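The values are calculated or read from the model by the stated rules, or taken from the named source; none is laboratory data. Bear in mind the structure is a predicted one, so any value in this text is a computation, not a measurement. In this analysis, Cβ positions are derived from the backbone assuming ideal geometry, glycine residues included, and neighbour counts consider all displayed protein chains.
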Amino acid sequence: MEVAVEDLMEMVFPGGASICYSSENMDSDYWSLFAGCDDGFHGDYGMACDKEYVGAMAPAPFAGYYDITGTPPVLDWSWNITPSSSTTIGSPVQDAVQQAVGEAEVATAGGADDRGLRLVHLLMAAAESLSGTVKSHELARVILARLRQLVAVADGAAASRTVVDRLAANFTEALQGILDGGGWRGVDHHRPGDMLEAFRLLQDLSPYVKFGHFTANQAILEAVNGERRIHIVDYDIMEGLQWAGLMQAMVSRSDGIPPPRLRITAVVGGSGGRRSPVIALETGRRLSAFAASLGLQFSFGQCRLGEEEQFRLAAVKVTKGEAVVLNCVLHPPHLPHRPAASVGSFLAGAATLRARVVTLVEEEKEGEGSGDGDMGFVGRFTEELRRYSAMLDSLEAGFPMEEKARGLVERLIIGPRIAGAVGRAYRQREEGALLEKEVHGWGERMAAAGFGRVRLSVFNLCQARLLLGLFNDGYRVEEVEPNKLVLCWKSCRLFSASVWSVPAEQPPPPSCSADCGLLWV
């Protein structure tokens, strides 16, 4: 089925934007930092199957690298390391510990593959020594000290520092943080603009961010076909980059029909950080200025989360005649994870708001559906090790010469995310903390709660494939459900985007307890 923007029904609205800024006040330098917000983007969003359209998204600073097709080999740990590995004498992990920790020449002996396996075995041994029925923090300290020595040797020879070396360095810091009880020990202080720069570089180096934005935006445009007022409630608006593209699509019509009236409500926390009301207000200012430069009627509002970061329906102002859309990009790369109860309360609110569609972008976990309770910390650790090895490999394979850019992304984004993932897995298993139940994913819980799957159009699938064509050949997209696309690096699933409709009958509202995170399951 082909759906083009030119074929959409009339969307004409009276009135002007609630917040108006002249085009002279628009911070064009800010938007030009990000792909998809330059003049080359002004084209029909529905014409996503036109390669020139997707080509306009190519980040200019790295445009010369998009034809690179060579991919260095990547180690696959899945056949060597298993959740059932043990540090008992004679087990594969213990053999690796005896060989690697006891021999000083391990740092230079053998080839790159042997060295990589030794590092992985040591990481697994350290993880096992922190969990299970027989724990030994002293053994963990010895193993981590040895890992730091091996990683330091690699740091001294930058030219030979491999993906596995950098992976081991980040996971060593994550485990050390658990052992010390103080969390991640990486770089906590950086210049104010460094995080924004790292996020921009992540967009340039990979399709991780754009994949979710493009898929969600196309689904939203198709869902609001013919609607006269559009109201998007955004769970994590961040810098608002997703909506700049949507705005341009709304005004880039060839049939002469005026663009719609768009309202965005940003869900914000009550504390500081990048989710604070002050940051959201600045995002709203930029979006308003950008909308004014396009001639788009636009208004912006905020909805503060309640106690324990619960979503408050009463704080969302819905006007009669608005087509409501809920957008949920879970755990953006440069922001901390939100509690499961907060996510569940937001998704549950879609039914009460009678949302036309709910767009969900989330991480994919290889162990989903395999029984989270039996996986244990070592199994979770193995899963994260494999996932982040794929991410680091993908960044290096696509841009092997951009070591400085990759280093900034790894230091400010990937390193802290590894520490967070490992820390959550440890606390959930060892301390019984209430954290995200990631086995079945939020999408599967929505299906169990009665949400319907909204079939993705041919345009959406075509658009995703063309986007990946701008990057390395190792990326691919899987259509695992009629409403869900998954971004993969080789055989490893990384992120998914799915589209949902609310249940036919409104379910009972969730309580404001920790059970909200279960989404009625």
Exercise. Residue 365: farther than 29 Å from residue 409 by Cβ, modelled with pLDDT under 95 and among the charged types (D, E, K, R), yes or no?
Worked result: no
Exercise. In the range 448-458, what count of residues is obtained for those that are surrounded by 18 or more Cβ atoms within 10 Å (Cβ to Cβ) and at pLDDT below 95?
Worked result: 1
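Restricting to the range 110-122, and then to whatever is modelled with pLDDT of 85 or more and closer than 16 Å to residue 393 by Cβ, can you tell me which residue is nearest to the chain's Cα centre (by Cα)?
120
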